[in-house]
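To keep things clear, I will list the structure first and then write my remarks on it.
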Amino acid sequence: MEPINSYSQLAEMVRVSPDQWILEAYTQSFRITSLASGATTTATSNIDASAYFVWCKTTYFGTVANAQTTDSSRVIPNITVQLTDSGSQRQLFDIPQTLSNIAGYGGIPQILEQPYLFKPNSTLSGSFVSYEAAATVTNLFLTLIGYRARRYGGNTISG
């Protein structure tokens, strides 16, 4: 069977042969423990070798200096991110984007216009740059919400 290279290709295969696929809700996340004013860091998230990951929504969460956060004191970090997909060898944005441009806060996700497919065994890397004037952003999470799709063949699961 030829490799799947797009979300529409995967969706069609699942539609035609639903008994051959297992779909599981799943997240791929980045966690930055601390990002000081003016600092840059890189983080990675590895895609399961046995499944495609379909990215549908995105959220972020962060604190400043580990301060308690309430609904009325949401932190909107002045941070940009560029995501790169090793499976397709491409950057996902034309230029680094602010978190609030690509992700919703906490439980209110930003929904992608079209789901994005990551191939099995890909590595997703994120380059994060802080433009905060003085604050250190702590416990920053960028979470890609979606599902894993695995081919099911008898008693084995394969990507």
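Mean residue ellipticity at 222 nm, helices only, the chain: -2000 deg cm²/dmol; runs of at least 4 DSSP H residues each add -39,500 (n - 2.57), and the sum is divided by the number of residues. For the chain, modelled as a GNM whose springs connect Cα atoms under 10 angstrom apart, the maximal fluctuation among 138, 44, 69 occurs at 69.
Extension gain for residue 33-residue 12 works out to 3.6 nm (0.36 nm per residue, less the C-alpha to C-alpha distance).
Taking the Cα centre of the chain as reference, the dipole from Cβ charges on Lys and Arg (+1) and Asp and Glu (-1) amounts to some 160 debye. Only Cα pairs under 8 Å and 6+ residues apart enter the sum, and on that basis the relative contact order of the chain stands at 44 percent.
Charge tally for residue 79 (other residues, Cβ to Cβ under 15 Å; Lys, Arg +1; Asp, Glu -1): +1. Extension gain, residue 72-residue 91: 0.36 nm per intervening residue step, less the Cα-Cα distance, totals 3.4 nm. GNM remark for the chain: springs join alpha carbons under 10 Å apart, and the peak mean-square fluctuation among 17, 130, 37 falls on 17.
Each value in this text was obtained by applying a stated rule to the coordinates, not by laboratory testing. Bear in mind the structure is a predicted one, so any value in this text is a computation, not a measurement. With ideal geometry, Cβ positions are generated from the backbone for all residues, glycine too; neighbour counts draw on all protein chains shown.
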